[in-house]
Protein chains: 2
Amino acid sequence: AVRPLRRRQPKKSNELPQANRLPGIFDDVHGSHGRQVCRRHELYVSFQDLGWLDWVIAPQGYSAYYCEGECSFPLDSCMNATNHAILQSLVHLMMPDAVPKACCAPTKLSATSVLYYDSSNNVILRKHRNMVVKACGCH
Amino acid sequence: AVRPLRRRQPKKSNELPQANRLPGIFDDVHGSHGRQVCRRHELYVSFQDLGWLDWVIAPQGYSAYYCEGECSFPLDSCMNATNHAILQSLVHLMMPDAVPKACCAPTKLSATSVLYYDSSNNVILRKHRNMVVKACGCH
């Protein structure tokens with residue numbers, strides 16, 4: 001006997017079948033009332049404001065950026081969402097008070113070089129990792 | 001002439017001198033009034049509750065965990081904080097309305113295997129990446 005095709009057919013993909021687009025569970029879900037989606041924002045960090053100019057020689061500051069915004073279901077493909085973040089946003093829909101949304105965090109960071117005095121007053125030029133946000137996503 | 005030693009001496013370390021422990025800027029900062037620090041929480045995701053049991057054969061669900069909690073200055077070393085997160089938590093102290101705290105997100109995820117029907121009704125066993133939170137941190 002030929003088995004009837006299943007009603008809900010997940011698309012062919014090597015990732016978790018895109019739970020975002022699975023019909024049925026929350027068809028009428030909308031974005032979160034216009035609040036901004038997760039994205040990268042400008043942020044210039046001034047070493048002077050941090051009170052670091054007595055040991056940092058250069059630069060005076062740098063563009064660090066930061067991530068902020070909503071990670072609401074359905075997570076758009078540009079949200080760099082992990083499978084876990086997709087599942088968490090689904091669970092949040094069902095239990096908003098028990099489980100938070102996935103959070104908007106850096107998914108790619110780059111280094112920046114800083115010239116400073118070390119504890120023995122030597123002048124050091126060092127590349128510090130994970131100082132500049134290159135991309136944000138829901139994690 | 002021998003130059004006087006500088007007043008604030010960052011410790012020797014290859015990372016950004018632990019801005020958390022630099023004296024002076026915010027000596028009197030305290031934790032955020034007892035709110036829980038960023039950590040991993042239990043979360044069992046039931047595929048039945050998600051309405052997925054018509055295409056997921058096994059398991060019925062799995063322990064996904066999630067991350068939640070405060071990422072307040074000073075970020076403890078167990079917070080797996082990046083240099084950027086440390087700087088962001090410092091900037092947040094100075095401009096709490098302009099820049100959010102770093103957020104509590106998964107820093108390590110692992111895969112889990114799912115047996116399911118694909119769109120042509122074939123039974124597929126696939127390892128899905130980034131499904132289980134192994135560790136959380138401030139990012």
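The values are calculated or read from the model by the stated rules, or taken from the named source; none is laboratory data. This structure is a prediction, so every number in the text was calculated from the model and none was measured. Neighbour counts are summed over all protein chains in view; Cβ atoms, including those assigned to glycine, are modelled from backbone coordinates with ideal geometry. These accessible areas exclude ligands, DNA and RNA; they are computed on the full protein's heavy atoms, side chains included. Shrake-Rupley method; radii C 1.70, N 1.55, O 1.52, S 1.80 Å.
A few notes on this one:
- Residue match in the stretch B:27-37 (condition: among the charged types (D, E, K, R) and modelled with pLDDT of 90 or more): no
- Scanning the stretch A:44-68 for residues that are over 23 Å from B:His139 (Cα atoms) and either open to solvent by 40 Å² or more (accessible area, probe 1.4 Å) or part of a strand (DSSP E or B) (or both) yields A:Gln48, A:Leu53, A:Asp54, A:Val56, A:Ile57, A:Ala58, A:Pro59, A:Gln60.
- Being crowded, with 23+ Cβ neighbours inside 10 Å, within 8 Å of another protein chain (Cβ to nearest Cβ) and closer than 24 Å to A:Leu87 by Cα holds for only one residue in B:Cys104, B:Cys136, B:Cys71, and it is B:Cys104.
- The stretch B:74-96, subset away from chain A (no Cβ under 12 Å) and without any contact (Cβ under 8 Å) to a residue 60 or more places away in the chain, residue surrounded by the most Cβ atoms within 10 Å (Cβ to Cβ): B:Met79
- Per-region count, the stretch A:53-67, residues in contact (Cβ under 8 Å) with a residue 60 or more places away in the chain, within 10 Å of chain B (Cβ to nearest Cβ) and not β-branched (Val, Ile, Thr): 6
- Residues in the stretch B:64-89 that are more than 24 Å from A:Glu42 (Cα to Cα) and over 13 Å from the mean Cα position of the chain (by Cα): B:Ala64 only.
- Scanning the stretch A:107-133 for residues that are open to solvent by 60 Å² or more (accessible area, probe 1.4 Å) and not in a loop (DSSP other than H, G, I, E, B) returns A:Lys108, A:Val123, A:Leu125, A:Arg126, A:Lys127, A:Arg129.
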